[in-house]
1. Taking residue B:117 and the conditions (1) assigned to a loop (DSSP other than H, G, I, E, B); (2) assigned by TED's automatic domain parsing to the domain that holds residue B:29; (3) surrounded by fewer than 18 Cβ atoms within 10 Å (Cβ to Cβ); (4) touching a residue at least 60 places away in the same chain (Cβ under 8 Å), which numbered condition does it fall short on, given that it satisfies the others?
2. Quick check on my filter: what residues within the range B:290-314 are within 14 Å of chain A (Cβ to nearest Cβ) and touching a helix residue (DSSP H, G or I) at 6+ places or on another chain (Cβ under 7 Å)?
3. Can you pull out every residue in the range A:264-289 that is more than 8 Å from chain B (Cβ to nearest Cβ), touching a residue at least 40 places away in the same chain (Cβ under 8 Å) and either surrounded by fewer than 21 Cβ atoms within 10 Å (Cβ to Cβ) or over 18 Å from the mean Cα position of the chain (by Cα) (or both)?
4. If only one of B:188, B:197 is more than 8 Å from chain A (Cβ to nearest Cβ), assigned to a helix (DSSP H, G or I) and more than 25 Å from residue A:256 (Cβ to Cβ), which one is it?
5. Please give the number of the condition residue A:130 fails out of (1) at pLDDT below 90; (2) in contact with a helix residue (DSSP H, G or I) (Cβ under 8 Å, 6 or more places away or on another chain).
6. Going by the structure shown, is residue A:173 closer than 14 Å to residue A:255 by Cα, touching a residue at least 24 places away in the same chain (Cβ under 8 Å) and either within 14 Å of another protein chain (Cβ to nearest Cβ) or surrounded by 21 or more Cβ atoms within 10 Å (Cβ to Cβ) (or both)?
7. Just wondering, is there one or more residues in the range A:249-258 that are at pLDDT 95 or above, within 10 Å of another protein chain (Cβ to nearest Cβ) and more than 24 Å from residue B:235 (Cα to Cα)?
8. Looking at the range A:37-59, can you tell me whether even one residue there is at negative phi, loosely packed, with under 14 Cβ neighbours inside 10 Å and free of Cβ contacts under 8 Å to residues at least 12 places away in the same chain?
């Protein structure tokens, strides 16, 4: 019988999670032939899984409310992935079909009927759009759509404006920057490593980028955004947000997409410059991409068109083997990855 | 010759301004008969002047940029007021007409042609709307319009929602609360004194109010907003904003109208709970009422209608004599006033 390695949620971390301590590898076997499926269920073999910062937010005690349910102690962690159906009790799915949606951090997942039917991502997308499989959990998945929705709906980009993007080479940031370039904006980004800066400037043609770990962000923003910032696409929160507020123009928009600098600490950074948002008439808006899933198709159509025209690239950081997923998630949280983090499961 | 007492801006304060030290009384005489007016100018005798928190923001060094110009050292302070024309070189104004607009902190003001023509507030309003003269710099002036614009445009109030208002008995807050009641919201407010709380609950029929100086705001908000807060009309910023974020509902709106708690300190409070605005999809929007002056007439028409129907009250704190204006401004900044602060000049 094939093995089914999985990662279970073992304990709630206080700060950064630790592999083994908060996430644990468990190996079992799976009897596919005799696996029991209720009406509408499917059994899938997982190909790729997306790892994302929001997962840290789910590693909390269940009594703490948030927009996503907490992971339950002892249960297999979950996330978005791409899988192949190996057994089906659902008329819409045949063995060999693709499934894109919520899977476990494991080699085989039992997808129950309610999850199957809730996923907006249908198997037909692979034949309709001809792009690499893994892009459906990155460029054309939740990170890409977060970029698209956040920039367009909240950022309201106008040609000639300046946008600054933090975590600019990350899963979301790199897409934001490229769409902003397509729309004629001046695009400036920050990242945690010189190789990422080179990528932003040379490959993605950003107008400027800096390594926030080795540069003074305030001085760099003054230098690279001489006309101020009209849109801040915030993936990090904290001190960076505070500094950026100093450089915002009147009527600037702050797209509050993520605050990764604050996910692993209880001692949250206090943002002191908020007083400026009145005089500058700044808009700060938080959003969750799942509120906009009804626009998935129009998002995909536009993105695929740009992709085929060579206007969009997508850097992926692919880790092989489900056993390496815990450390890969930690690497996202500490900035030790480059591009969209994906686990290749098989 | 009549005297013309005025208050000049003497020095930039670090913290709270001090009468005499940062604002100084100067008494001169004025020769009305021989007063020279260029084409389009008028000379007015000031009746009422509005004192507002934003004036603290103008008491800065001129090299510090902001949305309003800094007061110049040695010049007469200015603000919105109501005056009577005593001499005119402007065809639109006759002696005895009302002028409503930018005047000096003084008994007589020389209004130059550019200021006369820039004022959207025309002399006809007194005959058109029959409300007390002083209301044109309060309920129907900038504070009232700030309440109206901020609540309607940013707050987007819906019947049955809960609004929380800080500085709720102030020039803006009391209007916000009453409009929100008209629109069917649950209205909760905070203020700095038990007499103000009594006024909010008994006179303005707020659904609840608390003295933030003697109560625990977090506990009071839990008690008075059991279904959370949908709109926060923020007049104070700082720690109150931080606490309120904990109680915001999904899709809540924060109307950033003022942050009076931060005006008199360089050691700004650090807001730590911003991370919640993503999961809750909160909108925070700063605004300046002068961006919306084109809607002054529709604002006045709707407000006067409510006023005549007895649905709007307006509490004024009237101080007599221009020599008392400096202390009156300080009293606004320290919360030692009750209602809209107005100086009756003559």
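1. For residue B:117, the exception is condition (1).
2. Once the filter is applied, which keeps residues that are within 14 Å of chain A (Cβ to nearest Cβ) and touching a helix residue (DSSP H, G or I) at 6+ places or on another chain (Cβ under 7 Å), the range B:290-314 yields only B:292.
3. A:264, A:265, A:266, listed by residue number.
4. Within the list B:188, B:197, the selection yields B:197.
5. Of the numbered conditions (1) at pLDDT below 90; (2) in contact with a helix residue (DSSP H, G or I) (Cβ under 8 Å, 6 or more places away or on another chain), the odd one out for residue A:130 is (2).
6. yes
7. Yes: the range A:249-258 contains one or more residues that are at pLDDT 95 or above, within 10 Å of another protein chain (Cβ to nearest Cβ) and more than 24 Å from residue B:235 (Cα to Cα).
8. Taking every residue of the range A:37-59 in turn, none turns out to be at negative phi, loosely packed, with under 14 Cβ neighbours inside 10 Å and free of Cβ contacts under 8 Å to residues at least 12 places away in the same chain.
The values are calculated or read from the model by the stated rules, or taken from the named source; none is laboratory data. Note that the coordinates shown come from a computational prediction; the quantities given were computed from them, not determined experimentally. Virtual Cβ from ideal backbone geometry, glycine too; neighbours counted across all protein chains shown.
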